[in-house]
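Q: Let me give you the structure first, and then I'll get to my questions.
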Amino acid sequence: MTLLLKNVRLETGYLYDQTFVTATKTNIFDVLIENGKFIEIAPTIEASNAVVIDAQKQLLVPSFKEMHTHIDKTYFSGEWKAPTPATEGIFSRFKEEAILLPKQLDVAEDRAHAMVQHYIKKGHTHIRTHVNVDPQIETKHIEIAKRVLENYQDQITYEIVAFPQHGLLRNGHAFLTIFEKALQTGATHIGGVDPALVDRNSGEVLKTTFRLAEKYEVGIDIHLHDRNTLGEFEIQQILNEIEQRSFQKDVTISHAFAFADLPQQSLDKLINRMAANKVGLTTTVPIGAGPITIPVKYLCDRGVKVSFGHDSLVDHWSPFGSGDTIQKLNQFVQRFGYIDEWHIGQSLKYATGGLTPLNDVGEQQWPKIGDAANGLLVDAVSSAHLIARQCPISTVISKGNIIHEEEIELEGEFR
């Protein structure tokens, strides 16, 4: 497909008052897309064989990547139900899932479809989903998630994390056999959760996790909620395994609450080691009780790739997820007190896999000729405006094709 976007606003640089960025410069261009890539960007383009869209001076920004969600066990699109108190912490939820998830099997596929469609509408062209593998559900959720996501493979890319929510070793050898089957059934990553708390044997859990990742040639994405020195210890164990094995697949630590409360010297040592081993971190920008403030920019500035995710939208764990990444970015900049054009605009990278239209010094770096044509038309005049005012999306483009459009009232800089 050849797609011609007319009258597109692109960011071209920063305006400065001495050393401070005061505004983002933009110009209006035509953008030609063919075979899923940007092939020409110019003031005026004519292409007789193209589908033509008039962007009406809307801003083009990179599309979003949802890097941590659970499409398999959601209440989304179903009836409202708030979670019950977790009187035994995470173990309360395990007991609930043993009963709840088998009961939800009849609706799980429809709800997963509803979640994917919602993520597309909200500007996502990539989804990484963690999918339960446990003694009750076995590989059924993996099979459902794979079937659902395959329906959207012409629209989005995706990753499936085989997630041993109830522990990897605590359910015995028979469960490990089931888990290996899940890794043979389409998972791209192996997951895990708080091995010191759940399995009471973090060393053996992590050795098993890396052994299976090597055997099936998959990446790793582990949930770590453990705080302070226990969380630090588990992260160090993960880094030990990477270094000892010269592990080459991608490794992500999700949540990583330990980063919220380590002393500075310990924090810096851990960050430096994570960066050296190219270990990423995914956060939901938590806002719950207690000082769970992950130093996102500090991590990123020191070489750790940080991504945002929504976790659940609504399920028996939490009722608060929105799937709206513009809202998530707005929450982030408010949480850290970023009010200026540069800090707000550069925050876009946490939602796009690292892409921003301008680099740190205001040089245009996206879109470039040859880049994958995954983008959003938004009624905004800069990335900072988009995030601060939560401007709406009119058009979602993935692999060079329009996968979602909706009518919005264009207000531009006055929004």
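Q: Here is a list of conditions, (1) buried (at least 16 other Cβ atoms within 10 Å of the Cβ); (2) farther than 22 Å from Gln390 by Cβ, and Asp54 meets all of them except one; can you say which number that is?
A: Asp54 satisfies every listed condition except (1).
Q: Determine, yes or no, whether Asn7 is modelled with pLDDT of 95 or more, at positive phi and in a strand (DSSP E or B).
A: yes
Q: A further question on this structure: Just the residues that are in contact with a Leu (Cβ under 7 Å, 6 or more places away or on another chain) and buried (at least 20 other Cβ atoms within 10 Å of the Cβ), please, taken from the range 33-51.
A: Hit for the range 33-51 is Ile33, nothing else.
Q: May I ask you to list the residues in the range 1-29 that are among the charged types (D, E, K, R), farther than 15 Å from Thr395 by Cβ and out of contact with any Gly (no Cβ under 9 Å at 6 or more places or on another chain)?
A: Asp17
Q: For residues in the range 350-360 being out of contact with any Ser or Thr (no Cβ under 8 Å at 6 or more places or on another chain) and touching a residue at least 40 places away in the same chain (Cβ under 8 Å), which is surrounded by the most Cβ atoms within 10 Å (Cβ to Cβ)?
A: Per the criteria, the residue is Leu355.
Q: So which pairs qualify, if the first residue must be in the range 364-378 and within 13 Å of Thr352 (Cβ to Cβ), the second must be among the aliphatic types (A, V, I, L, M) and part of a loop (DSSP other than H, G, I, E, B), the Cβ gap must be under 6 Å, and the two must be at least 6 apart or on different chains?
A: From residues that are within 13 Å of Thr352 (Cβ to Cβ), the pairs are Trp366/Leu355.
Q: Also, quick follow-up: Does Val304 satisfy the criteria of being out of contact with any Ser or Thr (no Cβ under 8 Å at 6 or more places or on another chain), in a loop (DSSP other than H, G, I, E, B) and crowded, with 17+ Cβ neighbours inside 10 Å?
A: Judged against the criteria, Val304 is a match.
Q: Moving on to the next point. Among Ser322, Ser398, Ser347, which is surrounded by fewer than 20 Cβ atoms within 10 Å (Cβ to Cβ), closer than 25 Å to Ser254 by Cβ and of a type in the set (Ser, Thr, Tyr)?
A: Ser322
Q: May I pose another question? How about the range 255-284: which of its residues are in contact with an Asp or Glu (Cβ under 6 Å, 6 or more places away or on another chain) and either touching a residue at least 40 places away in the same chain (Cβ under 8 Å) or on the phi > 0 side of the Ramachandran plot (or both)?
A: Of everything in the range 255-284, just one residue is in contact with an Asp or Glu (Cβ under 6 Å, 6 or more places away or on another chain) and either touching a residue at least 40 places away in the same chain (Cβ under 8 Å) or on the phi > 0 side of the Ramachandran plot (or both), namely Thr284.
Q: Kindly establish whether Thr74 is β-branched (Val, Ile, Thr), in contact with a helix residue (DSSP H, G or I) (Cβ under 8 Å, 6 or more places away or on another chain), under 21 Å from Val193 (Cβ atoms) and surrounded by 17 or more Cβ atoms within 10 Å (Cβ to Cβ).
A: When the stated conditions are applied, Thr74 passes them.
Q: Can you name the condition, by its number, that Ile339 falls short on among (1) touching a Phe, Trp or Tyr at 6+ places or on another chain (Cβ under 9 Å); (2) modelled with pLDDT of 95 or more?
A: (1)
Q: Going by the structure shown, is Trp366 under 24 Å from Lys25 (Cα atoms), in contact with a Pro (Cβ under 6 Å, 6 or more places away or on another chain), surrounded by 18 or more Cβ atoms within 10 Å (Cβ to Cβ) and not hydroxyl-bearing (Ser, Thr, Tyr)?
A: yes
Q: When you scan the range 82-92, do you find a residue that is among the acidic types (Asp, Glu), in contact with a helix residue (DSSP H, G or I) (Cβ under 9 Å, 6 or more places away or on another chain) and within 30 Å of Thr188 (Cβ to Cβ), even just one?
A: no
The values are calculated or read from the model by the stated rules, or taken from the named source; none is laboratory data. All of these numbers come straight from a predicted model, not from anything done at the bench. Note: ideal-geometry Cβ built from the backbone for every residue, glycine included; neighbour counts use all protein chains shown.
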